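First the structure, in the form of structure tokens, and then the observations on it.
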């Protein structure tokens, strides 16, 4: 089967972006149990006649409400995906088993291992290669008509519990699925943020491996509160990104001479410029402050470890003129670049 091209990133998340195909998948679970979905649909404010409209979309909150009601009524947190039901509380057991882990990496590894105790229809696997972490699914049986909803939701659940553990966004850098692009393929740019590829070998998501080193932030009290509902993690979005400052620093340091405006930086991090500014402000910094920090570090390295003329150092760290660089460097350090090079140390270190 030919491989599909990557989908472009969505510029913004529409209010109703969740495909009706996911609602139809939940309806199949009701049909298989010979039960009526009327109460669950009403709770989610989805009109029965809407369900047959394949082009219709619902909000993430509606899907969350529908899923919660269906899991309780069907007593199956897998919503019919697997060869046996996962009774209410099954995913809660997985979450509790991972809660004592010191880091997200260990917590997510436990989640994958214990998921195999609930069902062997699919296997979850966490791996790392260089700077990337990869969470993938191996299918052990034919998942039939529920395949797409199962694979998408299983990955979203794992990402959701991971975000909850570290109280942070966990940005997806790429997603891939082992089926052809569906009619609602554009929704995947909202579901997974990063680019999505279809006709892949396995369902998988990739993210920055540094998130695996972050500590688990939650305790038993938070766990009880979270589990009071039907694992509302599929669509939960976290505003905070605990690695955002590090990611911005890394991006700026890769090309210190670049212009690096907010739109360009935000695009490379798969967020909006508004979100970038807001989250940096919440963490007590700004894009300009980080640019100055990276430029200052690079400038001091070049002044200490090379014989480049001041003008070339200025160009290397992104200044249009030697004069503007000298003015900025004096503001950063209290010294001119020439004085700093000659002395080779910071003024406070000289005093000590």
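Details
- Along principal axes, Cα extents of region 244-351, largest first, whole Å: 43, 29, 21
- Binning the alpha carbon pair distances of region 46-118 at 10 angstrom intervals from zero yields the distribution 18, 34, 31, 14, 3, expressed in whole percent.
- In terms of Cα atoms, the Rg and Dmax of region 124-243 work out to 14.7, 43 Å.
- Pairs of Cα atoms nearer than 8 Å and 6+ residues apart set the relative contact order; for the chain it is 15 percent.
- MRE, 222 nm, helices only [DSSP H, n ≥ 4, -39500 (n - 2.57), over the chain, to nearest 500]: -14500 deg cm²/dmol
- Summarising the label geometry, the points placed 7 Å from Cα in the beta-carbon direction at residue 209 and residue 53 lie 4.7 nm from one another.
- Between 0 and 90°, nearest 10: helix 104-118 axis offset from the chain longest Cα axis: 10
- Taking only the alpha carbons of the chain, we obtain Rg and Dmax values of 24.7, 83 Å in that order.
- With bins 5 Å wide beginning at 0, the percent of Cα pairs of region 113-156 falling in each bin runs 5, 19, 29, 24, 13, 8, 2, 0.
- When you count the other C-beta atoms within 10 angstrom of each residue and take the mean per peptide, 260-267, 219-226 line up highest first as 260-267, 219-226.
- Over region 18-226: Kirkwood hydrodynamic radius from C-alpha pairwise inverse distances, Å: 17.7
- Estimated FRET transfer efficiency when R0 is 41 angstrom, pair residue 333-residue 93 (beta carbons, to 0.05): 0.15
Read-outs: derived from the displayed coordinates by stated rules, not from any lab. Just so we're clear, the structure is a prediction, and the values are computed from it rather than from any experiment. Cβ sites come from the backbone with ideal geometry, for glycine too, and all protein chains shown count toward neighbours.
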